[in-house]
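Colleague: Quick one: this structure, given as structure tokens, is what I'll be asking you about.
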Amino acid sequence: MVRSTRPTARPAATRRSARLSLPGVDVWLRAQGLGTTEATRLARVVRTRVGPRSPVAMAIDVAAALLAPRERRSVCAALACFHVALDLLDDLQDLRTEPDGRPDSVLDAHRLLVCVLRSTHGPVLGRAALVAARGQAGEAASTARTSSLSESRRHRGLKAGTLGAAYLRVVGRAAGKRRPALEALGRRFADTAQLASDLCTLLADDQSEDWRLLRPTEPLVAAFRSRATRAHALALAAGHRDARSLAALRWLLRDVGTAERLALDATALDRAVRGSRLHAPARAALSAHTQHLALTTARARDALRSAMPIRRWQPSLAQRVADASANALAFMREMGAGDLDEVHRWGLFGADVIRADVFGRLVVIEALAPLAIARRLPLRRWFRGVLRRADVDGLRYYPGRLEIPRDTDDAGLLLQGAAALGVSEHAALARARRDIRRSARRDGWVHTWVESRIWPRSRILAGWMGDECPAVSANAWLGLSRLARERASRLVSSDRLRSPHYTDVAALCLVSRLARRLAGSARHALTARLEEAARDADRLTSIEAALVLRELPPGSELAVPLAHALFDSQHADGGFAPDPYYRTIAPAAGIRWYGSRVLTTALVLRAWSAHAWAADDGMAHSIAAVATRTEGA
């Protein structure tokens, strides 16, 4: 009976039968000062313990694609020895033994670490080891019953993610140039691979140490934290944590949906790698590992579904929205520990990195401030940061770039955020109102770029795109408390609603919001036009459309499919992938779309709170209930 709940095929990511070819390890060890006999023996240990689908194997394949043979042998040997040393220490901590019964040697780990730290790659790998040790210590100090999901993810990121990024940092330095994008993908790969390993251990091993010791791995923590499975998980953990209780736990893992979210994350990572702008050989080497990871996680998901095909508990649509909203709110709170700066790496103004901390932050504040969950987020602190920026350089999109004129889009968003937060007095708000009134035209349009002595209108028209934009004009009018109704009505009645900055559906959404405020006859025509356009739109603009079309009943053709699409695309950490939202100019590479995980997640939260997503049982979703449940998280 117990065997029937265990997937029959053990995922390939957890096997240790296949090994990676690592020529030259003994030569490298001798170069670090070891004797011939000792170097040969340790090289044999290293080759035995490095699997072909681990994060270090991924880094070795990337090194083979980027480096010359001599540098490649040195880097691969150092990475393999470092990985095996940490693996030996991990085995010793868990009191595990090799298949032949011989305990792993702490002296082997010590010798390998000394050789790595003596090499040119020692500083990078040594710092990574210290960070990983902090994650290991934090994990050892907690259990699955006492940890939160965010804490479990933080420990996993410190351990696996840090090492994955460090491996590719070593490869990049050996190639002569650091590659932040490659390191970020390496971090994501190692993080996802660790989660896959944790889940596969629970699914395929009837003697799982994670279950026996209640290690705070994310699958276990999710079972203890989910409202639907928490009571059952606590009851199982209080008894004998043997194979029989583990079989029952797998039913809970099936209900939590960890395998489904993991498969989605692995697939998204594979798409990100294949769509990246990495050097072609490096992209191909990394893509081979991400494709295998996506396949492995899909097999684990399918094996879990086939072993337990019947769900004992099926939540209502309202309950699914409430749970997904709680996870999204936890993601926003975790990301909100910083200042929500948006980083652009497109060579603007000759700089590699530009932090633009105005537009994205204002959109998030405007989206979340009217909601009941606003008290759970530091919106006022984020808004004070925007006001400080306005005091410094007049609220320009890129900080300190006075060669860019001010724009009425940010001015309108600033005023909307201030109204939602109840802030009425500040010099930046008075300047924003003045800029909008000075830029408003008699035909209802508002110039995008604010005219000044340095920036006359003729110079703006000659050098800047998108001075006439319906979305920017609508944002500007929405920011004014005393609306020039006649002029704004002319904008709403216009047929020229294509935006040079926003997507077409997003522009329709903003103009429709203005029409709703005006309550004129054009509102109904815009609503019909928006509903038609939103059916073929991408996820983010469909969310925006759903926010505007609030009069749609919960069972409408647009509402329910959108809700289920959002469930399927939510990441394991509660956030969503960045979707295109706004065009930004990159002189080195033309025009690109701007997007942000935080921004997309904020708009999803606003959509979930604005609707009663309950077509199946008539239960209305209350965002206040989500805020109450996450109060103690």
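The values are calculated or read from the model by the stated rules, or taken from the named source; none is laboratory data. This structure is a prediction, so every number in the text was calculated from the model and none was measured. Because the Cβ atoms are built from the backbone with ideal geometry, glycine has one as well, and the counts that use them run over all protein chains shown. Calculation scope for accessible area: heavy atoms of the full protein, side chains included, ligands and nucleic acids excluded. Shrake-Rupley method; radii C 1.70, N 1.55, O 1.52, S 1.80 Å.
Colleague: Do we find that Leu199 is part of a helix (DSSP H, G or I) and more than 25 Å from Asp242 (Cβ to Cβ) in this structure? Spell out how you get there, then give the answer.
Modeller: Working: part of a helix (DSSP H, G or I): yes; more than 25 Å from Asp242 (Cβ to Cβ): no.
Taking the combined requirement at face value, the residue does not satisfy it.
Colleague: Filter the stretch 388-403 down to residues that are open to solvent by less than 20 Å² (accessible area, probe 1.4 Å) and touching a helix residue (DSSP H, G or I) at 6+ places or on another chain (Cβ under 9 Å) and give me whichever is modelled with the highest pLDDT. Working first, answer last.
Modeller: Step one: list which residues in the stretch 388-403 are open to solvent by less than 20 Å² (accessible area, probe 1.4 Å), which gives 390, 393-395, 398.
Now narrow it down to the ones that are touching a helix residue (DSSP H, G or I) at 6+ places or on another chain (Cβ under 9 Å): 390, 394-395, 398.
Values: Ala390: 77, Gly394: 69, Leu395: 68, Tyr398: 63.
My answer is Ala390.
Colleague: Now for a separate question. What about Arg283, is it surrounded by fewer than 21 Cβ atoms within 10 Å (Cβ to Cβ), part of a helix (DSSP H, G or I) and not acidic (Asp, Glu)? Talk me through it step by step, then tell me what you get.
Modeller: Details: surrounded by fewer than 21 Cβ atoms within 10 Å (Cβ to Cβ): yes; part of a helix (DSSP H, G or I): yes; not acidic (Asp, Glu): yes.
Yes.
Colleague: Here's another thing I want to ask about it. Return the total of residues in the stretch 416-440 being in contact (Cβ under 8 Å) with a residue 40 or more places away in the chain, under 36 Å from the mean Cα position of the chain (by Cα) and open to solvent by 10 Å² or more (accessible area, probe 1.4 Å).
Modeller: 7
Colleague: Of the conditions (1) modelled with pLDDT of 85 or more; (2) surrounded by fewer than 20 Cβ atoms within 10 Å (Cβ to Cβ), His289 fails just one. Which one is it?
Modeller: (2)
Colleague: Being aliphatic (A, V, I, L, M) and under 23 Å from Arg496 (Cβ atoms) is the filter here; which residues of the stretch 409-451 pass it?
Modeller: Going residue by residue through the stretch 409-451, those that are aliphatic (A, V, I, L, M) are 411, 413-415, 418-421, 423, 427-430, 432, 436, 440, 446, 450.
The answer is Ala411, Leu413, Ile436, Ala440, Val446, Val450.
Colleague: If I filter the stretch 182-215 down to residues being open to solvent by less than 10 Å² (accessible area, probe 1.4 Å) and in contact with an Asp or Glu (Cβ under 7 Å, 6 or more places away or on another chain), which single residue comes out as modelled with the highest pLDDT?
Modeller: Leu195
Colleague: I'd like the residue in the stretch 40-81 that is part of a loop (DSSP other than H, G, I, E, B) and of a type outside the set (Gly, Ala, Ser) and, out of all such residues, is surrounded by the most Cβ atoms within 10 Å (Cβ to Cβ).
Modeller: The initial filter retains those residues of the stretch 40-81 that are part of a loop (DSSP other than H, G, I, E, B), namely 50-54, 67-68.
Narrowing the set further to residues that are of a type outside the set (Gly, Ala, Ser) leaves 50, 52-53, 67.
Working: Val50: 24, Pro52: 18, Arg53: 20, Leu67: 18.
The extreme case among them is Val50.
Colleague: When Arg179 is evaluated against the numbered criteria (1) surrounded by fewer than 20 Cβ atoms within 10 Å (Cβ to Cβ); (2) touching a residue at least 12 places away in the same chain (Cβ under 8 Å); (3) basic (Lys, Arg), which criterion, by number, is the only one it fails?
Modeller: (1)
Colleague: Continuing with this model, one more query. Please pick out the residue among Ala268, Ala235 that is aliphatic (A, V, I, L, M), within 30 Å of the chain's Cα centre (by Cα) and at negative phi. Can you show your working first?
Modeller: Working: Ala235 fails: within 30 Å of the chain's Cα centre (by Cα).
Just a single option satisfies the conditions, and that option is Ala268.
Colleague: Quick one: which of Arg173, Arg169 is in contact with a helix residue (DSSP H, G or I) (Cβ under 6 Å, 6 or more places away or on another chain), assigned to a helix (DSSP H, G or I) and open to solvent by 40 Å² or more (accessible area, probe 1.4 Å)? Lay out the reasoning, then the answer.
Modeller: Working: Arg173 fails: in contact with a helix residue (DSSP H, G or I) (Cβ under 6 Å, 6 or more places away or on another chain).
Arg169 is the lone residue from the list that is in contact with a helix residue (DSSP H, G or I) (Cβ under 6 Å, 6 or more places away or on another chain), assigned to a helix (DSSP H, G or I) and open to solvent by 40 Å² or more (accessible area, probe 1.4 Å).
Colleague: Cβ-Cβ under 9 Å, sequence separation 6+ or interchain: first residue in the stretch 251-277 and more than 17 Å from Gln194 (Cα to Cα) and among the acidic types (Asp, Glu), partner surrounded by 21 or more Cβ atoms within 10 Å (Cβ to Cβ) and at pLDDT 85 or above. Which pairs?
Modeller: Correct list of pairs: Asp255/Ala223.
Colleague: If you don't mind, another one. Taking the stretch 502-540 only, how many residues are assigned to a loop (DSSP other than H, G, I, E, B) and at pLDDT 65 or above? So that I can check it myself, show each step before the final result.
Modeller: Kept after step one, since they are assigned to a loop (DSSP other than H, G, I, E, B), are these residues of the stretch 502-540: 503, 519-521, 535-538.
Imposing the further condition that a residue be at pLDDT 65 or above reduces the set to 503.
Looking only at that region, the number is 1.
Colleague: Follow-up question, since we're still on this one. Output the number of residues of the stretch 121-158 satisfying the condition of being open to solvent by 30 Å² or more (accessible area, probe 1.4 Å), outside any loop (DSSP other than H, G, I, E, B) and without any contact (Cβ under 8 Å) to a residue 60 or more places away in the chain.
Modeller: Count: 11.
Colleague: Quick one: which helices (runs of 4 or more DSSP H) lie wholly within the stretch 441-501 and hold at least 2 residues that are buried (at least 21 other Cβ atoms within 10 Å of the Cβ)? So that I can check it myself, show each step before the final result.
Modeller: Numbers: elements: 457-463, 470-479, 485-492.
Where helices (runs of 4 or more DSSP H) fall fully within the stretch 441-501 and carry at least 2 residues being buried (at least 21 other Cβ atoms within 10 Å of the Cβ), they are 470-479, 485-492.
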